[in-house]
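Structure first, commentary second.
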Amino acid sequence: MTRTSTRIDRRTGKLRWKLQTDGPVHATPAVQNGIVYIAGCDERFRAVSVADGKVLFEIPLGSYTGASTAVSGERAYVGTFDAELFALDLAREENRCGATAIPSGSFRTIRRRRSTRRSARRAAPASSSADATRRSTR
């Protein structure tokens, strides 16, 4: 099944380019230095020129991806449906690190605790001994 990723000009709304893939791309691509990094369910990671849509390189992953690609410096990080994390070398255009299996249960939902502090109530001003005397004589 062939799928299409597209680039639309944000000013004019016109189609700039289309990229055919052999499976759906579920995640948002990463963009850095004029390059779009796309990974999808065709088990391939692609670097694509923002300007013209030309594929600069592809890296076979062997697994479907469903998580957005993260890019930091010369590395791209891609998670798969097989609970693997790839750290891809962008400068060498290859998967030099292999895949690291993510142990089941490694990620937990972190719930924000509600504050147990209650707003401080203002203490009533201390009454003077003269006020206490006036109240008792009334």
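The values are calculated or read from the model by the stated rules, or taken from the named source; none is laboratory data. Keep in mind it's a predicted model, so treat the numbers as computed, not measured. Heads up, the Cβs are rebuilt from the backbone with ideal geometry, glycines too, and the neighbour counts pull from every protein chain shown.
Output yes when any residue across the stretch 84-98 is touching a residue at least 40 places away in the same chain (Cβ under 8 Å) and among the acidic types (Asp, Glu), and no when none is.
Checked the stretch 84-98: at least one residue is touching a residue at least 40 places away in the same chain (Cβ under 8 Å) and among the acidic types (Asp, Glu).
Please state which one of Ala76, Ala87 is modelled with pLDDT of 90 or more and in a strand (DSSP E or B).
Ala76
When the stretch 22-40 is examined, which residues are found to be touching a strand residue (DSSP E or B) at 6+ places or on another chain (Cβ under 7 Å) and in contact (Cβ under 8 Å) with a residue 24 or more places away in the chain?
Answer for the stretch 22-40, where residues must be touching a strand residue (DSSP E or B) at 6+ places or on another chain (Cβ under 7 Å) and in contact (Cβ under 8 Å) with a residue 24 or more places away in the chain: Gly23, Ala27, Pro29, Ala30, Gln32, Val36, Tyr37, Ile38, Ala39, Gly40.
Any idea how many residues of the stretch 14-68 are over 17 Å from Ala91 (Cβ atoms), among the acidic types (Asp, Glu) and either outside any loop (DSSP other than H, G, I, E, B) or touching a helix residue (DSSP H, G or I) at 6+ places or on another chain (Cβ under 6 Å) (or both)?
Of the residues in that region, 0 qualify.
Filter the stretch 41-55 down to the residues that are over 16 Å from Glu84 (Cα atoms) and touching a residue at least 24 places away in the same chain (Cβ under 8 Å) and list them by number.
Arg46, Ala47, Val48, Val50, Asp52, Gly53, Val55, listed by residue number.
Taking only the stretch 27-52 into account, find how many residues are under 16 Å from Gly79 (Cα atoms) and surrounded by 15 or more Cβ atoms within 10 Å (Cβ to Cβ).
13
Can you pull out every residue in the stretch 53-78 that is surrounded by 20 or more Cβ atoms within 10 Å (Cβ to Cβ) and of a type in the set (Gly, Ala, Ser)?
Ala76
Does Ala67 count as at pLDDT below 90, touching a strand residue (DSSP E or B) at 6+ places or on another chain (Cβ under 8 Å) and not charged (D, E, K, R)?
In short, yes.
Suppose we filter the stretch 57-81 for residues that are closer than 16 Å to Val31 by Cα and either among the basic types (Lys, Arg) or in contact (Cβ under 8 Å) with a residue 24 or more places away in the chain (or both); how many remain?
9
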